[in-house]
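Enquirer: Could you have a look at this structure, given as structure tokens, before my questions?
The values are calculated or read from the model by the stated rules, or taken from the named source; none is laboratory data. Source: prediction; values computed, not measured. Every residue, glycine among them, receives a Cβ derived from its backbone with ideal geometry; neighbour counts consider all protein chains shown. Accessible surface areas use protein heavy atoms only, side chains included; no ligands, DNA or RNA. Shrake-Rupley method; radii C 1.70, N 1.55, O 1.52, S 1.80 Å.
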Amino acid sequence: MVFQGKKLINDPNDVVTEFIEGLVETYPGMQFLDGFPEVKVVLRADVSRSTYDKVAIISGGGSGHEPAHAGFVGEGMLTAAICGDVFASPPVDSILAGIRAVTGPMGCLLIVKNYTGDRLNFGLAAEQAKSEGYKVEVTSDRLGPGKMELGLGIHGEPGAAVADIQPVDVVVSHVLDQILSPETNYVPITRGNRVVLMINGLGATPMMELMIASGKAVPKLQLEHGLAVDRVYTGSFMTSIDMAGFSITIMRADETILQRLDAATKAPYWPVGVAAGNHPPAKIPVPMPPSRSTKSDESLSRPPQLNRQGQILEVAIEAAANAVIDLMDSLNDWDSKVGDGDCGSTMYRGATAILEDIKNYPLNDAAQTVNELGSSVRRVMGGTSGIIYTIFFKAAYAQLTASSQSIVTAKQWAEALEASIAAVSKYGGASAGYRTLLDALIPASAMLQERLNAGDDPCTAFVLSSEAACNGAESTKHMQAQAGRSTYISGEILASVPDPGAMAAATWYRAAALAVKEKYGASS
């Protein structure tokens with residue numbers, strides 16, 4: 001047997017009965033009548049017609065519209081659902097079986113969709129049940145004589161019009177205008193009314209698109225049509241297997257209607273409570289970081305005159321950023337072989353933001369400058385690199401602020417680098433030999449500590465540690481990646497390309513060291 005469309009089913013003739021079997025196994029509060037394949041009825045397991053003292057609520061229709069109708073069976077909603085074959089109204093005998101199974105002395109209400117097959121079959125079943133002595137009522141014609149409903153059918157029937165694909169806000173606006181048009185008067189809703197909105201996916205429309213439609217519909221209803229939107233239901237409630245598109249339903253509401261919509265239910269596919277109650281404002285101001293409130297504007301801006309520390313920081317930062325910018329194409333080329341090809345572009349964004357923001361850095365305050373570097377990077381750098389460098393700078397900032405001295409010593413810079421490496425390793429899960437930027441920074445940190453402890457002047461120690469960073473980056477050619485996208489690349493390809501992240505780190509570190517040596521090395 002050939003299955004078109006790659007459906008995960010068995011015999012197409014059995015899909016409805018097998019769906020029901022899976023449904024009642026999943027939800028213990030449901031049962032089905034043992035009348036397969038002719039009778040396909042899902043009902044509440046806690047209801048018996050002999051003891052049920054409430055009006056039974058019964059609906060149903062063709063299958064293929066899941067979660068309707070069986071998904072809405074449960075306390076607080078449907079008592080039973082009558083399932084027809086796919087896109088076919090349930091037969092009269094099935095409807096009668098459902099009525100007989102759950103209808104007690106209080107009678108039953110049949111909820112019937114405005115579809116000819118359903119109207120006829122449910123209508124005949126209702127008349128037959130009445131003749132058997134059951135109290136049965138059917139939902140009156142809600143549209144009135146001579147009225148019609150606009151739009152495509154849920155079985156793929158043609159809609160009211162054919163048009164080119166438009167942005168969703170145009171589509172939503174058009175549909176709302178049609179529904180609420182005072183000329184056609186499809187629904188008795190006028191400005192000032194309270195309404196409930198439902199955006200219903202037809203089966204193949206992703207939740208993302210449905211949410212976009214809801215986000216466009218609510219303000220249009222409020223601002224353009226003057227309606228108060230009290231509830232919004234977004235999801236797939238009445239589908240057509242895997243049909244593309246969505247439907248929009250608007251119902252006039254009052255407190256009684258809202259209370260009933262919000263009432264508790266155990267029906268598995270009704271989002272009770274999700275939209276209940278008054279909505280708080282959709283958006284609130286972004287909270288500012290605490291550091292902004294504890295530091296004056298003056299301390300977070302470029303000082304009128306740079307001290308020696310500020311001058312050194314400026315030279316180092318500018319040299320490092322420019323080196324990264326110059327390396328962009330090479331980084332992208334390496335990353336295209338071992339990653340996703342955007343390492344250079346990502347680093348470029350961070351470097352250009354730093355060069356733009358440096359005019360506002362409080363360069364005489366080393367710790368705050370490092371903190372601002374992290375803020376610049378976080379603002380523009382995406383992906384893993386952006387997160388890693390933000391962690392790097394924030395960890396260094398935390399280490400530097402642990403000291404009360406205004407001038408940062410070489411030893412404190414070395415400790416800050418060590419703290420940054422530890423933080424990146426902790427949160428990124430990488431360490432030496434994993435083929436990451438740490439393979440440049442770890443040897444740099446070790447050499448810096450070693451040379452400072454040996455008594456070298458800070459500038460010399462900085463330059464020697466930058467050589468260690470470059471050697472470490474080059475050594476990544478001989479490593480098998482253990483973190484990041486490169487873990488999926490063959491060793492043969494990795495052997496011809498250094499790790500882009502390590503090369504970027506070595507480059508900016510080396511550029512900063514050489515710039516500081518060139519300008520201040522003689523007197524350091």
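Enquirer: I'd like the residue in the stretch 202-237 that is in a loop (DSSP other than H, G, I, E, B) and open to solvent by less than 40 Å² (accessible area, probe 1.4 Å) and, out of all such residues, is farthest from Val175 (Cα to Cα).
Expert: This residue is Phe237.
Enquirer: Can you confirm whether the stretch 421-432 contains a residue that is among the charged types (D, E, K, R) and under 36 Å from the mean Cα position of the chain (by Cα)?
Expert: Yes, the stretch 421-432 has at least one match.
Enquirer: Go through the stretch 474-490 and count every residue that is open to solvent by less than 50 Å² (accessible area, probe 1.4 Å) and either farther than 18 Å from Ala432 by Cα or at pLDDT 95 or above (or both).
Expert: Number satisfying all stated conditions: 1.
Enquirer: Residue pairs, Cβ under 8 Å, 6 or more apart or interchain, first in the stretch 80-91 and on the phi > 0 side of the Ramachandran plot, second among the hydrophobic types (A, V, I, L, M, F, W, C). List them.
Expert: none
Enquirer: Return the total of residues in the stretch 320-355 being closer than 26 Å to Pro304 by Cβ and more than 32 Å from the chain's Cα centre (by Cα).
Expert: The total comes to 4.
Enquirer: If you don't mind, another one. Is at least one residue of the stretch 365-386 more than 34 Å from the chain's Cα centre (by Cα), modelled with pLDDT of 95 or more and not in a helix (DSSP H, G or I)?
Expert: no
Enquirer: Being touching an Asp or Glu at 6+ places or on another chain (Cβ under 9 Å) and of a type in the set (A, V, I, L, M) is the filter here; which residues of the stretch 206-216 pass it?
Expert: Hits for the stretch 206-216 are Ile212, Ala213.
Enquirer: For the subset of the stretch 427-455 comprising residues that are at pLDDT 95 or above and among the charged types (D, E, K, R), which member is nearest to Thr507 (Cα to Cα)?
Expert: The residue in question is Asp439.
Enquirer: Checking Thr436 against (1) assigned to a helix (DSSP H, G or I); (2) of a type in the set (Val, Ile, Thr); (3) closer than 24 Å to Met479 by Cα: exactly one of these is not met. Which one?
Expert: It fails just one condition, (1).
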